[in-house]
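The structure under discussion appears below in the form of structure tokens.
The values are calculated or read from the model by the stated rules, or taken from the named source; none is laboratory data. On a predicted model such as this, the values are computed, not experimentally measured, just so you know. As a convention, Cβ positions derive from the backbone with ideal geometry for all residues, glycine included, and neighbour counts pool all protein chains shown.
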Amino acid sequence: MNFEQAQKQYSENPTKEKLHEIASKLLDEMTLKEKIRTLQGNAFRVTVKNFITKGRFYNGEAYPAGGCKRLGIPPVLFTDGPRGIVMKKCTCFPVSMLRGASFDDELEYRIGEVFAKEASALDANLFAGVCINLLRNPMWGRAQETYGEDTYLLGRMGAALTKAMQDNGIIACPKHYALNSIEDLRFSVNAIADERTLHEVYLPHFKKCIDAGAMSVMGAYNKVNGTYACENKELLTDILRNQWGFDGFTLSDFFYGIYDAARSLKAGMDVEMPYLFRYASLNRRLKKGEISEEDINTSALRVLKALISTLPKHKKQPKSVILSKEHIALARETAGKGMVLLKNKDNILPIPDGKKIAVVGRYANKRNTGDHGSSNVFSPYAVTPYEGIKNRYGENNVSLYNGCNTKKAMKIAENSDYIVVCVGSDWLQEGEFLINLGNVKKKPKGSGGDRADLRIPEEDLRLIKSLATLNKKLVVNIMGGSAYVIKDWIGCADAVIMSFYSGLEGGNAIADILGGDVNPAGKLPFTIAKNAEDYPPFLHLGAKNKDIEYGYYHGYTLFDKKGIEPHFPFGFGLSYTKFSLSDISCVKNDDCIKVNVSVSNIGDYDGDEVVQIYVGSNNKDVDRPVKLLKGFKRVSVKTGETLSVEVCADIDDIKFYNPEKKDWELDNSYTLYIGTDIKNVKEAGIITFRK
């Protein structure tokens, strides 16, 4: 049997049992050397070629692993993400955090279809851009790569992206498994979580992606409860495979993911990426008896299963799909749907046509699409805020100062009606910490990684306060990956928009929002605190103790439990119109709780609203969160219109993990809440279960 025959037979009867049978037969045709090669990354030549010819060090084209020409077995061909395909020059979408703010998993599926097409056009068959690590503290430099602080939101969005990739014949690869949310110490930090916290808080979103069909998972660099994630049998075998039924393969994070080949392979780590490094010793370890041929067979079989089951759905795409008009339009639509309006004093927005607008600040006319590390997408252009606003309002109505000199900014702005000041962060303040090769003790300034401060830079603060003295209508545009502490200056602003890193069409999208062509409807996928100390503890470079407790509470669950008042709550976001919720009811079915509500647009603009369902246990005998997000639906409602909306909360999603029984169970009674953010909710009903 060869690979083509295996694919054909599986396509005729695509069941899990048939997949195992066919993959096993194909495995029997392989030599030991071919099986071992299946488990080894082989991207060195590709890396050297791209560096010499294109000046690109990372993932300029697909990174291969394995493959067997004799049997026609293709290699795994890796491309990174998550804001687009990092190879060549592809469409740069907004970062995942903005997409999380859209609360729109149907949109995320459409984005996944674009990613699958562009990956296919450049010959990749695995997309490692389903980044679903949970944001526990906004100090985390790579927060931009994930969807937010809530496990349910992460699961819904990650599952949508996973399904889109797998449906289009690209192997989806959720990452970084697991508890990976500190960047500067990623090679040495030990995240400690008790069993209940692990299962309820830090793993459910990964299971959602497995249930959605993911056929690969990338392990993390960090330790989990004292063991490196890529050598962690509890994570890789006991939970991922034995409890969740995962049938695909695992691959390591790059270079420093694996420390001991035998430990990793026996723990359940199948493929080392991207180069032949630790797994170069597999044959020697086999001869010494440290691993068995059965260990090798088990891992190679998993790779074959992923290839056989996924690739038949693949339809090779022409390179013309890359940066197509449709893909660019979707990137702009996405940016508009995820930007969050935090403040709009006296409804100064939208800005009427014909007004004079000064666009100022360090990011007024600077390409700022996010991290320059492994997630960087090399689009040929990116529309800046100034360019987008100029496109919308006309060159004669828009003036520019790109910088932080207060005198120059005030001079430019003195004759304007509106000032749009662009502040926040870029890849120098947050992102992947590329300088850290495992032993850096002191962090050079401007080297990315974790944030040093949750406030905007001092020069940005001075700029905002100085511009406020001009008595113009002042709009602050915050660009960045996650939450900032903004109490020092928000009182100076008339309007505040969180635009994140909004992709190649971000400048046009912010102009769409400012002009009212798009009514903002993004919702915060995280909590904005009044004080940095309100968030859970964080470790920075230089910490002597690398152990950190990942507690049961973080984000809005922590604020709710401790009674901490946030500056802006999870799920918050303003609109140019107003909505009301009425006629609320809920009913329990066998597998879900259905909440019905009438959503009325009682304002002057058509718009979108995100209906959010929170569930709180009434069990007083066990420590439980006050309430948890367990359902949401984004709906479009025209002015004067009322829609009947049904939102479902799955029964399985409201269960809690019992560490003594090693199982999930329902409490006797739950209160359901419905609203438009975690604080602005109404009781929808009480649901009871008999035990």
Filter the range 419-457 down to residues that are out of contact with any Leu (no Cβ under 6 Å at 6 or more places or on another chain) and small (Gly, Ala, Ser) and give me whichever is modelled with the lowest pLDDT. GLY438
Answer residue from the range 90-136, given it is touching a Pro at 6+ places or on another chain (Cβ under 7 Å) and part of a helix (DSSP H, G or I) and is surrounded by the fewest Cβ atoms within 10 Å (Cβ to Cβ) among those: ALA121
Are any residues in the range 69-89 touching a residue at least 40 places away in the same chain (Cβ under 8 Å) and either surrounded by fewer than 19 Cβ atoms within 10 Å (Cβ to Cβ) or not in a loop (DSSP other than H, G, I, E, B) (or both), and if so, which ones? LEU71, GLY72, ILE73, PRO74, VAL76, LEU77, PHE78, THR79, ASP80, LYS89
Yes or no: the range 590-601 includes at least one residue that is exposed (fewer than 13 other Cβ atoms within 10 Å of the Cβ), not small (Gly, Ala, Ser) and not in a strand (DSSP E or B). yes
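For every residue, the table says whether it meets (1) surrounded by fewer than 24 Cβ atoms within 10 Å (Cβ to Cβ); (2) under 21 Å from LYS408 (Cβ atoms); (3) free of Cβ contacts under 8 Å to residues at least 24 places away in the same chain.
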| residue | (1), (2), (3) |
| --- | --- |
| LEU463 | no, yes, no |
| VAL475 | no, yes, no |
| GLY480 | no, no, no |
| ILE486 | no, no, no |
| GLY503 | no, no, no |
| GLY516 | yes, no, no |
Give the residues of the range 240-270 that are in contact with a strand residue (DSSP E or B) (Cβ under 7 Å, 6 or more places away or on another chain) and among the small types (Gly, Ala, Ser), sorted by residue number. GLY248, SER252, GLY257, GLY268
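Mind checking which residues of the range 238-281 are polar (S, T, N, Q) and buried (at least 20 other Cβ atoms within 10 Å of the Cβ)?
Selection gives THR250, SER252, SER264.
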Here are some residues: GLU414, GLU387, GLU395. Which one is touching a Leu at 6+ places or on another chain (Cβ under 7 Å), among the acidic types (Asp, Glu), over 30 Å from LYS175 (Cβ atoms) and assigned by TED's automatic domain parsing to the domain that holds GLY507? GLU414
Is it the case that the range 50-67 has a residue that's aliphatic (A, V, I, L, M), closer than 17 Å to ALA124 by Cα and at pLDDT below 95? no
